[in-house]
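The values are calculated or read from the model by the stated rules, or taken from the named source; none is laboratory data. Remember, it's a predicted structure, so these values are computed and weren't measured experimentally. All Cβ positions, even for glycine, are placed from backbone atoms using ideal geometry, and neighbour counts span all protein chains on display. The accessibility values were calculated without ligands, DNA or RNA, using every heavy atom of the protein model including side chains. Shrake-Rupley method; radii C 1.70, N 1.55, O 1.52, S 1.80 Å.
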Amino acid sequence: GAVVSQHPSRVICKSGTSVKIECRSLDFQATTMFWYRQFPKQSLMLMATSNEGSKATYEQGVEKDKFLINHASLTLSTLTVTSAHPEDSSFYICSAPPQGLAGSEQFFGPGTRLTVL
Amino acid sequence: GENVEQHPSTLSVQEGDSAVIKCTYSDSASNYFPWYKQELGKGPQLIIDIRSNVGEKKDQRIAVTLNKTAKHFSLHITETQPEDSAVYFCAESSNNNDMRFGAGTRLTVKP
């Protein structure tokens, strides 16, 4: 299947700092990528849809000024958690549909474990 | 929140036995139903999926059945092995909607 990578896999930072997470589609172009957050023992919660060449769309309750998304190219989307706080500690996962359709097969990255001290 | 109900939340079986996980959805426009396996500390991996024009799909020890009338679909794992132990998520989506996930089922296969 298609491959999606994430970097870093794990990050620990101090409260108040910003953290950037990269999501790359390695063998296909992705006009759309999705960012999820997963708390321990819970399901995946969609945060936002990253769109190449246009603004991201955010789910209700997700602060767009706190979670900055930039879809810089057809293979790269970045999520920046600004002024991180301990409650932002979570497992962040991106996904991309190779066919570019929202309701189609999605491949997930390996996730990024963020710990804010 | 989730628009897909998934049961059970935990499931423990003996190696070699079968495991069945069920999901129920509400959107009649849903036409794509994937199942993901997530191991600890890793991203979800697609293990099988089914589209609305098919009632059943099988891939070796894994099968998925879909009942569109009743709006439910199930994952069946036969001859379970300890390496099948993981959290399994069902999901559903339609052409224009984002993918919606169930709450997950923690499967433990005892050797």
>> Here's a check for you: in segment A:87-117, which residue that is surrounded by 16 or more Cβ atoms within 10 Å (Cβ to Cβ) and of a type in the set (Ser, Thr, Tyr) is modelled with the lowest pLDDT?
In response: A:Ser104
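Yes or no, residue by residue, for (1) more than 12 Å from chain A (Cβ to nearest Cβ); (2) loosely packed, with under 13 Cβ neighbours inside 10 Å; (3) aliphatic (A, V, I, L, M):
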{"position": "B:His7", "(1), (2), (3)": "yes, no, no"}
{"position": "B:Leu11", "(1), (2), (3)": "yes, no, yes"}
{"position": "B:Asp17", "(1), (2), (3)": "yes, no, no"}
{"position": "B:Tyr25", "(1), (2), (3)": "yes, no, no"}
{"position": "B:Ser28", "(1), (2), (3)": "yes, yes, no"}
{"position": "B:Pro34", "(1), (2), (3)": "no, no, no"}
{"position": "B:Ile47", "(1), (2), (3)": "no, no, yes"}
{"position": "B:Gly55", "(1), (2), (3)": "yes, yes, no"}
>> Being in contact with a Lys or Arg (Cβ under 8 Å, 6 or more places away or on another chain) and under 26 Å from A:Gly111 (Cβ atoms) narrows it down to one residue among B:Gln38, B:Gln6, B:Gln14; which is it?
In response: B:Gln6
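Can you name every residue in segment B:83-98 that is at the interface with chain A (Cβ under 8 Å from one of its Cβ atoms) and either within 14 Å of B:Cys23 (Cα to Cα) or surrounded by 24 or more Cβ atoms within 10 Å (Cβ to Cβ) (or both)?
Across segment B:83-98, the qualifying residues are B:Phe89, B:Ser93.
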>> Condition first: touching a Ser or Thr at 6+ places or on another chain (Cβ under 9 Å) and either open to solvent by 30 Å² or more (accessible area, probe 1.4 Å) or within 13 Å of chain B (Cβ to nearest Cβ) (or both). Now tell me which residues in segment A:67-79 satisfy that.
In response: A:Leu68, A:Ile69, A:Asn70, A:Ala72, A:Leu74, A:Thr75
> Looking at segment A:17-38, which of its residues are at pLDDT 95 or above and facing chain B (nearest Cβ under 10 Å)?
Replying inline: A:Tyr36, A:Gln38
>> On the basis of being within 26 Å of A:Cys94 (Cβ to Cβ) and assigned to a loop (DSSP other than H, G, I, E, B), does B:Leu40 make the cut?
In response: yes
> Considering only segment B:57-82, how many residues are of a type in the set (S, T, N, Q), open to solvent by 70 Å² or more (accessible area, probe 1.4 Å) and within 21 Å of A:Glu105 (Cβ to Cβ)?
Replying inline: 1
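Look through A:Leu74, A:Leu46, A:Leu26 and report the one residue that is among the aliphatic types (A, V, I, L, M) and under 14 Å from the mean Cα position of the chain (by Cα).
The unique qualifying residue is A:Leu46.
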>> Quick check on this structure: which one of A:Lys55, A:Lys41, A:Lys14, A:Lys64 is exposed (fewer than 14 other Cβ atoms within 10 Å of the Cβ), farther than 23 Å from B:Asp27 by Cβ and within 12 Å of chain B (Cβ to nearest Cβ)?
In response: A:Lys41
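In this structure, is A:Thr32 open to solvent by less than 30 Å² (accessible area, probe 1.4 Å) and polar (S, T, N, Q)?
yes
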> Checking A:Ala84 against (1) surrounded by fewer than 15 Cβ atoms within 10 Å (Cβ to Cβ); (2) modelled with pLDDT of 90 or more; (3) in a loop (DSSP other than H, G, I, E, B), which test does it fail?
Replying inline: (1)
> What number goes with the only condition from (1) open to solvent by less than 10 Å² (accessible area, probe 1.4 Å); (2) part of a strand (DSSP E or B) that B:Thr108 does not pass?
Replying inline: (1)
> Looking at (1) at pLDDT below 95; (2) closer than 21 Å to A:Pro40 by Cβ, can you tell me which one B:Thr108 breaks?
Replying inline: (1)
